[in-house]
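**Student:** Quick one: the structure is below, questions incoming.
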Amino acid sequence: MPELPEVETVRRRLAPVLEGRVLEGVDISDARLTRPLDPHEVAAELLGERVATLDRRGKYLIVRFESGRALVVHLRMTGSFLHVKDDGLPDDPHRRATVTLDDGSQVAYRDVRRFGTWLLLEPGEVDDYIDARVGREPLEAAYRARHLAERLAGRRTSIKAVLLDQRSIAGVGNIYADEALWRARIHPLTPASALDAEQAKALHRSVRQSLQAGIRRQGSTLRDYRLPDGEAGGAQHEFKVYGRGGEPCERCGTPIEKIRVAGRGTWYCPACQQLEPGYAAASRSPSRPSRSRRHSSV
Ligand SMILES: [Zn+2]
């Protein structure tokens, strides 16, 4: 699933394409994209809107129109955009929508697994919608270690689960949670509330470093993620632990191990990221994902 670095990379590529342009043609061919609303109605509403800015919050792309309305896009598992300068889009059985801009170029949305969503919001609705679903932006200058520490306090669940909760930090998913925990030398099963101020500080720094490394390499392409020009990202070549089971830790040489935490495959270095003995039993007891946690793992 695209995480913050992937969505931010898409935003940076699409912003100059979309900003200032009028939507002259909108074709939404998959009802799942806009449900429960009728895709033809949504397409008709979008027609004629001029794009003011393309923003991002967490894993959401927000196309803000000059009218004050906004189209909130979530790529979920396999959503991606392709931009072509003319009307020469290649045939694609997984295309779900096509937008024609007033400069004659086209932006196509493809989604193999069809979990992605397009939601058109009226002026004034966007902030409430987003704020109810995602926490602070980890790369904003104003985001401090104490903000992270506040989200960890009182949370007895594993630190990995807390990082995956979008209301803790916006945009961190399975990949960058593992990468950040490795950098901070924190075992993914450590109860969030057990981290001391020093560890919270290290994790705050590590989350930012991991996300920035992902953005520098234009996101990671594991399966379907593509940049809007069709290229693949390169961050997967620089992962420290994610997907590297059995390979040596670059810090200490110990083979990376894979376990399951919060229902997700989780990679870590058993030497650099040790679980303090007291926490092993408590955190390994199987915990059913709560409704709210499942809901918020967007
Ligand atoms: Zn190590």
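**Student:** For the subset of the range 245-262 comprising residues that are assigned to a loop (DSSP other than H, G, I, E, B), more than 11 Å from the ligand (Cβ to nearest atom) and under 28 Å from residue 156 (Cα atoms), which member is modelled with the highest pLDDT?
**Tutor:** 245
**Student:** Now for a separate question. Filter the range 17-36 down to residues that are loosely packed, with under 15 Cβ neighbours inside 10 Å, closer than 16 Å to residue 74 by Cβ and not basic (Lys, Arg), then give me how many there are.
**Tutor:** Going through the range 17-36 one residue at a time, the tally reaches 1.
**Student:** Scanning for something assigned to a loop (DSSP other than H, G, I, E, B), farther than 22 Å from residue 266 by Cα and out of contact with any Lys or Arg (no Cβ under 7 Å at 6 or more places or on another chain), does the range 156-174 turn up at least one residue? Break it down into steps so the answer makes sense when it comes.
**Tutor:** Within the range 156-174, the first condition is being assigned to a loop (DSSP other than H, G, I, E, B), and the residues that meet it are 156-157, 165-173.
The next check asks that each one be farther than 22 Å from residue 266 by Cα; those that pass are none.
Looking through the range 156-174, none of the residues is assigned to a loop (DSSP other than H, G, I, E, B), farther than 22 Å from residue 266 by Cα and out of contact with any Lys or Arg (no Cβ under 7 Å at 6 or more places or on another chain).
**Student:** I'd like the full set of residues that are among the basic types (Lys, Arg) and either within 16 Å of the ligand (Cβ to nearest atom) or open to solvent by less than 80 Å² (accessible area, probe 1.4 Å) (or both), limited to the range 223-244. Before you say what the answer is, go through the steps one by one.
**Tutor:** At the first step, the residues of the range 223-244 found to be among the basic types (Lys, Arg) are 223, 226, 240, 244.
The answer is 240, 244.
**Student:** Say whether the condition of being touching an Asp or Glu at 6+ places or on another chain (Cβ under 7 Å), under 29 Å from residue 173 (Cα atoms), in contact (Cβ under 8 Å) with a residue 24 or more places away in the chain and open to solvent by 30 Å² or more (accessible area, probe 1.4 Å) is met by at least one residue in the range 80-94.
**Tutor:** Residues of the range 80-94 that are touching an Asp or Glu at 6+ places or on another chain (Cβ under 7 Å), as a first pass: 80, 83, 94.
Pick out the ones that are also under 29 Å from residue 173 (Cα atoms) and you get 80, 83, 94.
When the remaining residues are screened for being in contact (Cβ under 8 Å) with a residue 24 or more places away in the chain, the result is 80, 83.
Filter once more, so that each one left must be open to solvent by 30 Å² or more (accessible area, probe 1.4 Å): 83.
So far as the range 80-94 goes, yes, one or more of its residues are touching an Asp or Glu at 6+ places or on another chain (Cβ under 7 Å), under 29 Å from residue 173 (Cα atoms), in contact (Cβ under 8 Å) with a residue 24 or more places away in the chain and open to solvent by 30 Å² or more (accessible area, probe 1.4 Å).
**Student:** Would you mention how many residues in the range 263-273 are of a type outside the set (A, V, I, L, M, F, W, C), open to solvent by 40 Å² or more (accessible area, probe 1.4 Å) and either within 10 Å of the ligand (Cβ to nearest atom) or part of a loop (DSSP other than H, G, I, E, B) (or both)? Spell out how you get there, then give the answer.
**Tutor:** Initial filter on the range 263-273 (of a type outside the set (A, V, I, L, M, F, W, C)): 263-266, 268, 270, 273.
Filter once more, so that each one left must be open to solvent by 40 Å² or more (accessible area, probe 1.4 Å): 263-264.
Subsequent filtering for residues that are either within 10 Å of the ligand (Cβ to nearest atom) or part of a loop (DSSP other than H, G, I, E, B) (or both) retains 263.
Residues meeting the conditions: 1.
**Student:** Any residue in the range 200-216 that is part of a loop (DSSP other than H, G, I, E, B), in contact (Cβ under 8 Å) with a residue 12 or more places away in the chain and under 15 Å from the mean Cα position of the chain (by Cα)?
**Tutor:** As a first pass, look at the range 200-216 and keep what is part of a loop (DSSP other than H, G, I, E, B): none.
No, that holds for no residue.
**Student:** Shifting gears a bit: Do the conditions hold for residue 185, that is, is it open to solvent by 10 Å² or more (accessible area, probe 1.4 Å) and within 16 Å of the ligand (Cβ to nearest atom)?
**Tutor:** On the way: open to solvent by 10 Å² or more (accessible area, probe 1.4 Å): yes; within 16 Å of the ligand (Cβ to nearest atom): yes.
It is true that residue 185 is open to solvent by 10 Å² or more (accessible area, probe 1.4 Å) and within 16 Å of the ligand (Cβ to nearest atom).
The values are calculated or read from the model by the stated rules, or taken from the named source; none is laboratory data. Source: prediction; values computed, not measured. When we count neighbours, we look across all protein chains shown, and the Cβ atoms used for this are built from the backbone with ideal geometry, even at glycine. Ligands, DNA and RNA are excluded from the accessible area calculation, which covers all protein heavy atoms including side chains. Shrake-Rupley method; radii C 1.70, N 1.55, O 1.52, S 1.80 Å.
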